[in-house]
Amino acid sequence: MEEIKPIEEKVLQFYEQINQIQLLQDFNDGVPSSMSMENRTMGDEEITMSFDDEALTIKKLLVRGKKQLQMISIVGIPGLGKTTLAIKLYNDPYITHYFHIRAWTYASQLSRQTDMLLDILRSVNVVFTDEIKNMTNENLGDKLYKSLKGERYLIVIDDFWDIGAWVDLKMYFPNDNNGSRVMFTSLHKELAMYASPDCYPHCLRFFTEEESWVLLQQKVFPNESCPPELIKIWKHIMKKCEGLPLAIVIIAGLPAKNIKTQESWIQVAQSVSSYIVSDPNQCLDTLALSYNHLPRHLKPCFLYLGAFPEDQEIPVQKLIWLTLKRTGIECEEISVLGMLLPNLELLKLEHDAALGWQWAKTDGGFPRLKFLKLKNLNVKQWITCSSHFPSLQHLS
């Protein structure tokens, strides 16, 4: 075995040299159509070149080590390029030659087990009949197990969210001690460690300043150098992206929108974060990953706060919904809210939000309030009339 390792090392280096010429095969040739429709990535040669060191590290995990079935994970926040790196590895010439079967499925938080099993079966070249399409998950899993049995396979599960989904799937991946691998991308390090306790997750790093600058120049000025008068501005923009490849790609795409003058780019540099989240075609899916995983009661809060710049005070005029719980505010002070928040439309006071003997309202205190909910308040008496809430439509 020791004599084979130097030869294997040379073979890997040889294929790495090939990859410098052909880094990424055509996306749709190597990845099932369901994946290409469901999951969009950066997928650019400039980005994959920055992953050369990462790719080589993971490639060694894929083709070396234990002969038993192993799970390899790529972990990181949205926008770091997890899927882009996985595609680079999936389509790598050495990988395509080494594994007899390769299959790709896109998980996501909402995916059903049936869809994932069918995705993998398509890659195994199973002929789809009405019988297969109507099979139960258990029967689909059994068919997948038999199709993979005895083969050295690589299964890629992109955007894995749920440990339960992994528990349901792993029984259908046979362990024939032939070097088969399952590789997945995920936001969650805990899931990766659970799925593969013997193989530490590969946590994707942020771009260095040098890599970020190279990527920016390649994207914005592909056939020329950055004009001297814009270098300082672009350096500032680059730093605001904080090494996040997706942010760099989105900002670099702005010149196509006719932002040409130095003054325009100064404005961009001053509000980079707003540009990063304002392009629905390139960044909304990334935001949706985090948004869809939030508890239901936090989703409205997320959307509302998304309208304001980071680390800035929120103007009180903008506040239209307010819920107070267990704040113990004196009744007299509750009345002041109407003057402080003139545009308030919904107010919920719950569970001792207000305390006191009497809450007496004054005329026009809440001029735009439409919905008022009072629940479990330690208030003995409430004195009011319609003129105190001129816009009120619902009281509960």
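Brief remarks on what is shown
- Database remark: amide H of V156 closer than 5 angstrom to the amide H of A103, W104, T105, M183 (H placed geometrically; neighbours at sequence offset of 5 or more, or on other chains; Pro and chain starts carry no H).
- Pair R368, L395: separation of 7 Å Cα→Cβ label points (nm): 2.2
- Distance between modelled label sites at D162 and T129, nm, 7 Å Cα→Cβ extension: 3.0
- Nonlocal amide H pairs with L319, under 5 Å, H built at 1.01 Å: none
- Volume of the Cα convex hull of segment 127-204, divided per residue and given in Å³: 111
- Taking label positions 7 Å along the Cα-Cβ direction at both W321 and R112, the computed distance is 3.0 nm, reported to one decimal.
- Semi-axis lengths (Å, descending) of the ellipsoid that matches the C-alpha gyration tensor of segment 160-236: 43, 14, 11
No value in this document is a laboratory result; all are computed from the given coordinates. Only a predicted model underlies this, so the values are computations on that prediction, with no experimental measurement involved. Note that each Cβ is placed from the backbone with ideal geometry, even for glycine, and that neighbours are counted across all protein chains shown.
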